[in-house]
Amino acid sequence: MWTLVVNCGSSSLKFALLDPATGETALAGLAERLGTEAASVRVDRGGERRTVPLAGGGYPEAFGAVLAELEALGLRGEVGAVGHRVVHGGERFSAPACLTPEVLEAVRACVPLAPLHNPANIAGIEAAQSAFGDVPHVAVFDTAFHQTMPEVAYRYAVPESWYRQHGVRRYGFHGTSHAFVAGEAARLLGRPLEDLCLVTAHLGNGASVCAVAGGRSMDSSMGLTPLEGLVMGTRSGDVDPGLHDYVARQAGLSLTQVTAALNKESGLLGLSGLSNDMRELEEAAGRGHPGARLALEVFVYRLAGAVARMAVALGRLDGLVFTGGIGENSAAVRSATLERLGLFGFRLDPQANARAVRGQGGLVTAPGSQPPALVVNTNEEWMIARETQRLVAGGL
Ligand code: ADP
């Protein structure tokens with residue numbers, strides 16, 4: 001049976017039809033600008049790409065288009081389950097969950113923790129349940145993997161009542177990706193995951209590092225929200241908590257405006273004054289653009305520092321894993337980061353590092369480098385399909 005994997009954003013719907021056993025993808029696509037006249041859905045099938053207009057359509061119309069594609073492929077009856085990416089599961093979810101009405105209510109209760117993401121996830125789940133009413137739906141949470149973090153890692157030094165009453169603690173995100181690449185890294189290193197202490201670095205538009213001991217998350221650079229931690233495309237990562245009040249007063253901004261600027265106008269974009277896109281910044285830095293150079297340097301400096309902190313959480317470092325668009329493709333970011341982390345014993349293999357681009361994973365350190373560093377291509381859709389299948393096969 002095939003699993004349909006769904007990831008709903010505020011005006012988008014990413015979907016993929018996968019064989020959970022092999023990761024084979026029969027159909028994939030992205031509906032964008034939903035709710036506007038420009039709404040459309042891009043469909044990738046058998047090496048071909050088409051765009052279908054959906055003028056004014058929302059999630060129901062987008063799922064209608066997915067259904068039509070499945071019927072055209074003769075696979076409508078072969079969909080065994082639908083797996084939904086859900087951003088925030090709070091403390092309630094430490095594993096995927098079958099989307100019963102009660103579970104959906106619990107996801108709704110997490111909306112204050114992820115006011116931008118969970119409402120879109122919920123709207124997508126409801127539309128998908130209408131379109132695919134005959135199969136089980138499963139929620140796979142971005143936060144669930146990190147529920148194994150010890151209290152020393154997840155508590156903030158703030159009034160205890162904030163934690164007890166409002167859930168103010170560190171949750172961590174990108175869990176599906178960190179879990180997937182840790183497993184793949186163990187396979188590539190030829191060692192059991194149970195024996196390994198790994199730091200995984202998911203570097204995309206959002207970015208986080210995770211300390212993984214024996215396949216379990218021990219710490220993450222992301223916290224209460226996905227704003228904490230590393231420098232990201234447009235997100236600041238760590239700042240002084242006193243900054244909000246200072247900037248609000250000095251620049252005459254509301255707290256909401258400061259938070260929006262930290263989410264959307266900061267990070268690589270804010271530092272470079274040019275772009276949030278690493279590829280573009282590398283090109284500009286090569287031409288001598290000072291903002292692009294600075295953005296790259298700060299990105300790497302903070303990343304290396306965060307990896308070191310994760311190593312402290314682990315007490316031992318058996319490997320560093322790079323993934324995400326930047327981690328998988330930017331040889332420059334990897335080499336600069338490993339150079340900064342020289343005291344851990346990494347020895348870069350420049351040729352291997354240069355080769356590890358565009359889907360070519362593998363070791364980027366020299367044979368005998370202790371610890372090794374490697375590139376693993378993440379595949380969150382496959383992980384969601386596997387988790388969904390595992391839960392459904394286990395009788396929910
Ligand atoms: P998302 O988090 O949105 O899924 P991705 O994981 O696709 O994002 O990562 C996007 C980032 O990866 C962008 O900053 C992009 O510039 C960067 N990237 C992609 N290819 C390259 C490359 N060849 N060299 C450097 N950076 C790259």
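Read-outs: derived from the displayed coordinates by stated rules, not from any lab. Values in this document were obtained by computation on a predicted structure and should not be read as measured data. All Cβ positions, even for glycine, are placed from backbone atoms using ideal geometry, and neighbour counts span all protein chains on display.
Side notes on the structure shown:
- Net charge over other residues, Cβ less than 15 angstrom from the Cβ of Ser161 (K, R count +1; D, E count -1): +2
- Here r is the Cβ-Cβ distance between Glu339 and Asp240 and R0 is 25 Å; the resulting FRET efficiency, rounded to 0.05, is 0.35.
- Based on DSSP H segments of at least four residues, each scored -39500 (n - 2.57), the chain has a per-residue ellipticity at 222 nm of -12000 deg cm²/dmol.
- Percentage, to the nearest whole number, of Cα pairs in the chain over 29 Å apart: 46 percent
- Fewest-first ranking of Glu328, Glu32, Glu48, using other Cβ atoms within 10 Å as the exposure measure: Glu48, Glu32, Glu328
- Net length gained if the chain between Ala26 and Glu194 were fully extended (0.36 nm per residue, minus Cα distance): 57.2 nm
- Modelled FRET efficiency - R0 22 Å, Arg187 with Ala68, Cβ distances, 0.05 increments: 0.05
- Arranged from fewest to most other beta-carbon atoms within 10 Å of their beta carbon, Tyr163, Tyr171, Tyr59 become Tyr163, Tyr59, Tyr171.
- Exposure proxy ranking, count of Cβ atoms within 10 Å, fewest first, for Trp162, Trp2: Trp162, Trp2
- Of the residues Val333, Tyr156, Gln129, the one whose Cα sits farthest toward the positive end of the charge dipole of the chain, with +1 on the Cβ of Lys and Arg and -1 on the Cβ of Asp and Glu, is Val333.
- In terms of the mean number of neighbouring beta-carbon atoms within 10 Å, the peptides 339-346, 150-157 order highest first as 339-346, 150-157.
- Inter-label distance for Arg390 and Ala106, nm, one decimal - labels placed 7 Å from Cα along Cα-to-Cβ: 1.7 nm
- Net length gained if the chain between Ser94 and Gln360 were fully extended (0.36 nm per residue, minus Cα distance): 92.6 nm
- Against the chain, whose longest principal axis comes from its Cα atoms, helix 175-189 is set at around 70 degrees.
- For region 155-165, 3J(HN,Hα) per residue [Karplus equation, 6.51 cos²θ - 1.76 cosθ + 1.60, θ = phi - 60°, Hz, x = Gly/Pro]: 8, 8, 7, 10, x, 4, 4, 5, 5, 5, 8
- A straight chain from Asn205 to Glu280 at 0.36 nm per residue would run longer than the Cα-Cα distance by 25.7 nm.
- Region 320-396 and region 77-102: distance between their alpha carbon centers, rounded to Å: 27 Å
- When peptides 254-264, 279-289, 199-209 are ranked by their average number of other Cβ atoms within 10 Å per residue, the highest-first order is 199-209, 279-289, 254-264.
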